[in-house]
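What follows is a set of notes on a single structure, which appears directly below.
The values are calculated or read from the model by the stated rules, or taken from the named source; none is laboratory data. This structure is a prediction, so every number in the text was calculated from the model and none was measured. Neighbour counts run over all protein chains shown; Cβ positions are idealised from the backbone, glycine included. Note: accessible area is taken over every heavy atom of the protein model, side chains too, but ligands, DNA and RNA are not part of it. Shrake-Rupley method; radii C 1.70, N 1.55, O 1.52, S 1.80 Å.
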Amino acid sequence: MTKTEQTRLLTWRLKVLQDAAERPRNVGRTCRHFGISRRAFYKWKRRYDVHGEAGLYDRARTPHRSPRSTPREVVSKILSLRQHYHFGPARI
């Protein structure tokens, strides 16, 4: 996502939150008007309350860790075999 798209998304999410703030008892109406779910609205609102405008940017979806990933020692050994001995996948 480009910086321009991120800025546009941030502006739109701020507009949604400001519209809801003008009518505090009509969150459902605001969500229907903008075509979003209440779950998404409250997620943005919670992140905005905690982090300010920075909380409205999209976050990375990559996992923080991968418990089933190949261990680093094995990966380094495979790379060493590929580079120094030119072994292929069948031989490794």
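From helices alone, the chain scores -19500 deg cm²/dmol at 222 nm; the rule is -39500 (n - 2.57) for each run of n ≥ 4 DSSP H residues, then divide by the residue total. A 1.4 Å probe run over the protein chains yields, for segment 3-92, 87 Å² of accessible area per residue, whole-number rounding.
The structure-derived value of P(r) over Cα pairs in 5 Å bins from 0, in percent appears in the list (i) 2, 14, 23, 26, 19, 10, 4, 1, 0; (ii) 2, 11, 15, 14, 10, 6, 6, 6, 7, 7, 7, 4, 3, 1; (iii) 3, 14, 23, 22, 15, 10, 7, 4, 2, 0 under the label (ii).
Over the chain, Cα pairs under 8 Å with separation of 6+ residues give a relative contact order of 22 percent. The distance separating the Cα centre of segment 78-92 from that of segment 45-76 comes to 32 Å. Using a Gaussian network model of the chain with C-alpha springs under 10 Å, which one of Thr30, Thr11, Thr62 is most mobile by mean-square fluctuation? Per the Cα network of the chain with a 10 Å cutoff, Thr62 tops the list. Can you list which of the DSSP-assigned H helices in the chain have a Cα extent of 20 Å or more along the long axis and an average Kyte-Doolittle score of at least -1.0? Correct list, ordered by number: 3-22. For Lys43, the accessible surface of its heavy atoms amounts to roughly 90 Å² (probe 1.4 Å, protein chains only, rounded to the nearest 10). Dipole magnitude for the chain: computed about the Cα centre from +1 point charges on Lys and Arg Cβ and -1 point charges on Asp and Glu Cβ, it is near 340 debye. Lys-Lys pairs in the chain that are eight or more residues apart or on separate chains and whose Cα atoms lie under 30 Å of each other come to 5.
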